[in-house]
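J.: Shown below is the structure under consideration.
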Amino acid sequence: MSTPPLASGPEGPGALRPLLDTVLDALREGAAARGGPLPAGGPEAVARHVRDAVGEVLPREGRDDALRVLVRALAAGSADPADPLCAAHLHCPPLAVAAAADLAAAVLNPSLDSWDQAPSASALEALVTAALAAEVYAGAEEPPGRADALVTTGGTESNQLALLLAREARGGVRLVCGANAHHSLHRAAWLLGLPEPVVVPAPAGTMDPAALDEALTELPGPRGSLLVAATAGTTDAGLLDPLADIADLCAAHGARLHIDAAYGGGLLLSDRHRARLDGLHRADTVTLDLHKLGWQPVAAGLLAVRNASDLAVLQHSADYLNADDDTEAGLPDLLGRSLRTTRRPDILKIAVTLATLGRAGLGALVDQVCAHAAELADLIAADPGFELYDRPVISTVLFRPTGASDAAVAAVRRTLLHEGRAVLGRAALDGRLWLKVTLLNPHTRPGDLANLLKLVEGHTPR
Ligand SMILES: *Cc1c(COP(=O)(O)O)cnc(C)c1O
């Protein structure tokens, strides 16, 4: 076998073009073979198809059809968020333009741990992260310092970094979060060796400010050693904590504030909805996740930081990447922008998307999915066969068949998964189990939402 072609370099585009045709054909064939939002038959059937397609994982001699066969198998066995009936999680259908940009990132393969591996990618990252941070902190009356943002693998890494920055800025910190907070905050506290987090009740699904006030008043320890984490867009119900009230309490008690806006942060893009994030700019750190309400392929996380000087604690030196004399000579020092070393240029697809769609185009997508959620809630509210949890706040709708047991709610979800008909989520709230629909597909039509309800109705065990 001759030496396989490379993706970049003079021969790259010529070598890639036919391979891309193969990939696109295989994607189409795989999706057609699946014929729905996810493969039918459950985990065993899918694992069998994958095993059959792969054959020998590392054969002695390679095979020419591996790209077509494996991509086809992956597509055939995927849960496709571009199907309107795949609506369980904060799992968005990526925009074509973002996926195309990501191909360029894979081809050029810049690595953002040193300037000499990523000259333009590091410049692009500096530009775009500064602009996104300015977007988050636009409302700040007295900017305390330059805002900045770090690129992360998602909300989990952003939350971890937020806790780390708080611990370093305050010389030890205790996390205070709502009962509605994302599980990654608890893991981050554990990972960083922080004390057990204080959990503030969230009886209506959002953090109760009176209970927070009480916790901040009564907790022992030095003033300023507390980090409050609020949520803008809960994973289960898409609810927004009262951010401005929480920011007032943090200011009054001298606590640091982190806002996990992994889901709700996308509302910033919408002129219609951004006012609902009032108070966001008062947080010391903000988690954003553009692979949720931002239509990016995974990964596209960010941590916005109100005061860029907080990032100084991440400074780290490795002579081969950021020698002092190189830095003094003007080569940007990138190691302090992540805890990772080798790092993909995830900023490229983000930058391309922002520039292609603009604020108006992205805002329209946000408005569309929020409108779909309102339409679905209307359909549910009008049907006595269903119970609606509440009016949607972002694009999540929770409902259950009227009179069904929790076991029946769990069963209808699994039946639809097993039959490959629909991907719905689940959420335990108010002591009951609900079906969760997270609408992130701007192409969904009213008929799709009606079909979804028919499927649930027809598959609920009675
Ligand atoms: C999804 C989510 C996260 C975790 O983000 P990942 O990108 O999955 O790591 C954190 N917080 C909230 C509120 C989320 O919805």
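The values are calculated or read from the model by the stated rules, or taken from the named source; none is laboratory data. Computed from a predicted model, the values in this text were never measured in an experiment. A quick note on method: Cβ atoms are made from the backbone with ideal geometry, for glycine too, and the neighbour counts reach across all protein chains shown.
For every residue, the table says whether it meets (1) touching a Leu at 6+ places or on another chain (Cβ under 7 Å); (2) within 16 Å of the ligand (Cβ to nearest atom).
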residue	(1), (2)
Cys92	yes, yes
Trp115	yes, no
Ala133	no, no
Gly139	no, no
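Table: residues versus (1) crowded, with 23+ Cβ neighbours inside 10 Å; (2) within 12 Å of the ligand (Cβ to nearest atom).
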| position | (1), (2) |
| --- | --- |
| Ala252 | no, no |
| Ile259 | yes, yes |
| Ala262 | yes, yes |
| Leu267 | yes, no |
| Arg272 | no, no |
| Leu277 | yes, no |
| His281 | no, no |
| Val298 | no, yes |
| Gly301 | yes, yes |
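J.: Can you name every one of the strands (runs of 3 or more DSSP E) wholly within segment 256-358 that holds 2 or more residues which are farther than 22 Å from Leu124 by Cβ?
T.: By residue number, 256-260.
J.: Scan segment 349-356 and tell me whether some residue there is within 16 Å of the ligand (Cβ to nearest atom), buried (at least 19 other Cβ atoms within 10 Å of the Cβ) and hydrophobic (A, V, I, L, M, F, W, C). So that I can check it myself, show each step before the final result.
T.: In the first step, residues of segment 349-356 are kept if they are within 16 Å of the ligand (Cβ to nearest atom); the result is 349-350.
Narrowing further to those that are buried (at least 19 other Cβ atoms within 10 Å of the Cβ): 349-350.
Among the residues that remain, those that are also hydrophobic (A, V, I, L, M, F, W, C) are: 350.
Looking for residues that are within 16 Å of the ligand (Cβ to nearest atom), buried (at least 19 other Cβ atoms within 10 Å of the Cβ) and hydrophobic (A, V, I, L, M, F, W, C), one finds at least one in segment 349-356, hence yes.
J.: Return the total of residues in segment 360-384 being out of contact with any strand residue (DSSP E or B) (no Cβ under 6 Å at 6 or more places or on another chain), surrounded by fewer than 17 Cβ atoms within 10 Å (Cβ to Cβ) and over 24 Å from Glu135 (Cβ atoms).
T.: 5
J.: (1) in contact (Cβ under 8 Å) with a residue 24 or more places away in the chain; (2) outside any strand (DSSP E or B): which one isn't true of Leu435, the others all being true?
T.: (2)
J.: A follow-up question, please. Quick one: which helices (runs of 4 or more DSSP H) sit completely within segment 144-248 and have at least 3 residues that are more than 28 Å from Val397 (Cα to Cα), within 16 Å of the ligand (Cβ to nearest atom) and assigned by TED's automatic domain parsing to the domain that holds Asp333? Please lay out each step first, then the result.
T.: Details: elements: 155-170, 183-191, 209-218.
Hits in segment 144-248: 155-170, 183-191.
This table checks each residue for (1) of a type in the set (Gly, Ala, Ser); (2) over 29 Å from the mean Cα position of the chain (by Cα); (3) crowded, with 16+ Cβ neighbours inside 10 Å; (4) modelled with pLDDT of 95 or more.
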position	(1), (2), (3), (4)
Gly36	yes, no, yes, yes
Gly41	yes, no, no, yes
Arg51	no, yes, no, yes
Ala66	yes, yes, no, yes
Ala75	yes, no, yes, yes
Ser78	yes, no, yes, yes
Cys86	no, no, yes, yes
Cys92	no, no, yes, yes
